[in-house]
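Some notes on the structure that comes next.
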Amino acid sequence: MVRVAVVDRDSCQPKKCGHECVKYCPVNKSGKVVWIDEQLKKAVISEALCIGCGICVHKCPFEAITIVNLPDELERDCVHRYGPSGFKLYRLPILRRGKVVGILGRNALGKTTMAKILAGELVPNLCETEGKTGAEDVIRQFRGTELQTYFSELYSNKLRAVHKIQYIELIPIYLKGTVGEIVKKAGIREELVKRFGLDKLLNREVDKLSGGELQKLAVAAALSKDVDVYIFDEPATHLDVVERVKVADAIREYTQNKYVLVVEHDLTVLDFLADNIVIVYGKPGAYGIVSHPAGAREAINEYLSGYISSENMRIRDRPIKFETRPPERKSGKAARLVEWEDIYVDLGGFQLEVSSSYIARGKWWSHRPNGIGKTTFLKVLVGEVKPVK
Ligand SMILES: Nc1ncnc2c1ncn2[C@@H]1O[C@H](COP(=O)(O)OP(=O)(O)OP(=O)(O)O)[C@@H](O)[C@H]1O
Ligand code: SF4
Ligand code: SF4
Ligand SMILES: [Mg+2]
């Protein structure tokens, strides 16, 4: 077994704790086992010297440390590590021309990291956190596999890739102007503009778009590129049910005979889109392992059951079951949490009318179409947007 010691970069806060990991480690007398790295400003653990007692795991007030023993064989498959004591990603999915590969897994297991690697944006360091690992090393690492050919062609620009990023909220930071200007600049196909209803938004500034509208713009921009590899990181987020189907349909139609990777949490979208699915399992924030691929339906069923047979791996104690209706809440007389009179909002290009109503404890609100004003309404409720009435 190999000892893996990971300090979650987001959770570790040396300015707010008493450096318990450093203080209580029984073998840290010379300060060479656990220390606060001056550059990273985070705790770092030497895996070679750590004896795996687990004391630091319990003492850290922010639960930032994971110490696990993983099989030796797995170490050979380590693809990328975000620096010393950083998150570790094991294995990669294999992309095949004409097949849509789906990735399914919990948060912080390395899905976006994989998307960046397969798009050629991140050259994986093969878990060598010291020294430099380059494209040649990556190609060598995967010799004899389909990934060797893939990376050889990707790194020599024989394969061109487009990556629809996960965090579409970043788009307005980098792209200014109206939807119409962006459509023109990015060469977004007219057919997609109409199909996704973007034609009604051509005069709207991109920073005024709803989450769903931004998502459709981003997917349309990616699908309009004539490339070999299409990578979609969470293409269904922010979209209502109807729009999800529209986007999934377009992805299948526009990417035929290409390499396609889709990271998605919506099982229905994945079931519709993917030919094969890999499940990523591990410990969020610490390490992620890519399973062998399976048919979409089979992989989804295994994911729900909590047991991956090809890996002989239990990923959850209990299966996930879907109820046909939301569970009844016994809250007695429903307390009204928020009440409002008729509301009228005028944002220039967009007007919103909401009839007087209330939100009561234990009541469910239905899902409404994209761009109808849900976020604007919430902004009114918290006082961020002032209604006319
Ligand atoms: N540049 C970076 N430096 C250090 N750690 C990073 C970096 N990028 C990501 N990580 C960490 O790597 C882990 C995996 O991140 P990644 O974004 O790949 O996960 P994900 O599976 O896509 O998660 P989600 O489902 O939330 O999108 C996380 O713990 C994240 O904080
Ligand atoms: S790992 Fe925990 S105890 Fe150690 S520096 Fe980070 S937050 Fe503090
Ligand atoms: S697991 Fe034990 S030996 Fe390893 S760093 Fe933590 S306290 Fe030190
Ligand atoms: Mg992600």
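The values are calculated or read from the model by the stated rules, or taken from the named source; none is laboratory data. This structure is a prediction, so every number in the text was calculated from the model and none was measured. Every residue, glycine among them, receives a Cβ derived from its backbone with ideal geometry; neighbour counts consider all protein chains shown. We work out accessible area using only protein heavy atoms, side chains counted, and drop any ligands, DNA or RNA first. Shrake-Rupley method; radii C 1.70, N 1.55, O 1.52, S 1.80 Å.
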Condition (residue is surrounded by 16 or more Cβ atoms within 10 Å (Cβ to Cβ) and of a type in the set (S, T, N, Q)) applied to region 249-264: is it met by at least one residue?
yes
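Within region 321-329, can one find any residue that is of a type in the set (Phe, Trp, Tyr), at pLDDT below 85 and not assigned by TED's automatic domain parsing to the domain that holds Pro93?
For region 321-329, residues of a type in the set (Phe, Trp, Tyr), at pLDDT below 85 and not assigned by TED's automatic domain parsing to the domain that holds Pro93: present.
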Among Val68, Val79, Val57, Val100, which is the only one that is of a type in the set (A, V, I, L, M) and within 13 Å of ligand 1 (Cβ to nearest atom)?
Val79
Limited to region 267-286, what total is found for residues that are open to solvent by 30 Å² or more (accessible area, probe 1.4 Å) and more than 13 Å from Met313 (Cβ to Cβ)?
7
Answer from Gln215, Gln256 - the residue that is in contact with a His (Cβ under 6 Å, 6 or more places away or on another chain) and on the phi < 0 side of the Ramachandran plot
Gln215
Restrict the check to region 216-238 and report whether at least one residue is open to solvent by 10 Å² or more (accessible area, probe 1.4 Å), touching a Pro at 6+ places or on another chain (Cβ under 9 Å) and at pLDDT 95 or above.
yes
For region 89-108, indicate whether the set of residues that are within 13 Å of ligand 4 (Cβ to nearest atom), out of contact with any Asp or Glu (no Cβ under 7 Å at 6 or more places or on another chain) and over 17 Å from Leu270 (Cβ atoms) is non-empty.
yes
Consider only pairs whose beta carbons are under 8 Å apart and that are at least six residues apart or on different chains; among these, list those whose first residue lies in region 43-64 and is more than 17 Å from Gly86 (Cα to Cα) and whose second residue is more than 8 Å from ligand 3 (Cβ to nearest atom) and of a type in the set (A, V, I, L, M, F, W, C).
Pro61/Cys17
Among the residues listed as Val206, Val183, the single one being outside the structural domain of Thr112 (by TED's automatic domain parsing), without any contact (Cβ under 8 Å) to a residue 40 or more places away in the chain and touching a Pro at 6+ places or on another chain (Cβ under 6 Å):
Val206
